[in-house]
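Scroll down for the structure; my scribbles are underneath it.
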Amino acid sequence: MELEEKYIMDDLYLRIPLQFFADDGDKTEEPTAKRKQDARKKGQVFKSTELNSAVVLLCAFISLKVFGVSLYEKMVELVNLTFHVYMTKEDLFTVNGIMGLATDLLLLFISAMLPIFALVAFMGVVSNLMQSGFLFTTESIKPKFSNINPGKGIKNMLSLKNIAEFFTKSLVKVAIVGILAYTTIKDNAKAILNTMNLNASAIGAYIMTTIIDLGLKISMFLMVFAAVDVIVQMRKHKKELRMTKQEIKEEYKQTEGNPQIKGKIKQKQRQMALNRMMQEIPKADVVITNPTHFAVAIKYEPEKNDAPIVLAKGQDYIALRIKEIAKENRVQIVENKALARALYASVNIGDPIPEELYQAVAEVLAYVYSIKAG
């Protein structure tokens, strides 16, 4: 019996895709600037819907509190217009009469609700802009197979995080709102009973005031709840943007290039520069050496340059190669340890020698010219 149960459990383990319950634990690296920028271009930005809802609801009840009297007067005017003005018209049930009534009622309703709608809409936009800034992208509306992937849907549904979020958000909000509504009704129980002695207008005003006050309490609670949700969503968004070490390496390759390829390119560039330098050595007037560690090839053309130019320079193996090429092309080689070191350290290839070395180089060139003349 135990053996049979074991086979049954093993079969269940094989059938249930346990990866649905797994989290991306290998994403341990903080997102790079490029990752954040790419995510923003795709519309993946931090956003708390709880904050938007709380701001809109709070502004709605504040608007009702501020414009409540004006709204009440407009509603009374609307009722009077309907039952005291239009009902007495003989052409009420004609096309013109009905169109006139509908137009007047619509304009009156719009004038009453416009301040409230405008403020609520404005604050809704401000709430979104405060979170993500101005962003226009079409990436979020493009059809994606992953959005209709049943596997991904099941994984999200069975995620412990989503279940916990559902309970903490939905049920806690419902519970708190219920408690606030209960305490408000309980505190106003006597006043509610006393409304039976009031006229219809006073009852309406009392009910409206009580509802607005309750709405403000609920809105203030939701704002506190939204502040907590903002922190949670910020951390969640940051975690979603985390990267694996491999992703960081791939991004570096894309932005900076493959290090191996870049190394080969630099090596090739150095080789090409070295070859060009070696090709200039036969044009030199003299090669000044250390004699074994440094070699500097110099050429002086008074009609082109005010000072002698360094055509090539090198150390150790390159210095040896410079001397070999100089010998092959019968370029004079002069040993001057101090001058060779100074030229190698202070002058780049293709640059003229500095003024402080004019005298020493002039002496070397004079010596070379005298040998050629002799």
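A few points about this structure:
- Of the peptides 288-299, 303-314, the order by per-residue mean of other Cβ atoms within 10 Å, starting with the highest, comes out as 288-299, 303-314.
- Net charge over other residues, Cβ less than 13 angstrom from the Cβ of Ile62 (K, R count +1; D, E count -1): +1
- For the range 342-350, 3J(HN,Hα) per residue [Karplus equation, 6.51 cos²θ - 1.76 cosθ + 1.60, θ = phi - 60°, Hz, x = Gly/Pro]: 5, 5, 5, 7, 10, 10, 7, 4, x
- Across the range 297-306, coupling constants 3J(HN,Hα) worked out from phi with the 6.51/-1.76/1.60 Karplus curve, θ = phi - 60°, read 9, 10, 9, 10, 10, x, 6, 10, 10, 6 Hz, and Gly and Pro carry x.
- Amide proton proximity set for Val286, modelled H, under 5 Å, gap of 5+: Ile298
- Taking label positions 7 Å along the Cα-Cβ direction at both Glu355 and Ile231, the computed distance is 6.8 nm, reported to one decimal.
- Phi angles of the range 269-274 translate, via the Karplus equation with coefficients 6.51, -1.76, 1.60 and θ = phi - 60°, into HN-Hα couplings of 5, 5, 5, 5, 5, 5 Hz per residue; Gly and Pro are given as x.
- If you take all other residues with their beta carbon under 15 Å from the beta carbon of Ala326, and give Lys and Arg +1 and Asp and Glu -1, the sum is +3.
- Net charge of neighbours whose Cβ lies under 11 Å from the Cβ of Glu29, counting Lys and Arg as +1 and Asp and Glu as -1: +1
- Taking a ≥ b ≥ c as the square roots of the Cα gyration tensor eigenvalues, the range 285-352 comes out oblate, since a/c reaches at least 1.5 and a/b does not exceed b/c.
- The range 261-297 and the range 185-232 have their alpha-carbon centroids 87 Å apart.
Any read-out appearing in this document is the output of simple, stated calculations on the displayed coordinates, not a laboratory observation. None of these values were measured; they are calculated from a predicted model. Ideal geometry is used to build each Cβ from the backbone, glycine not excepted, and the neighbour counts take in all protein chains shown.
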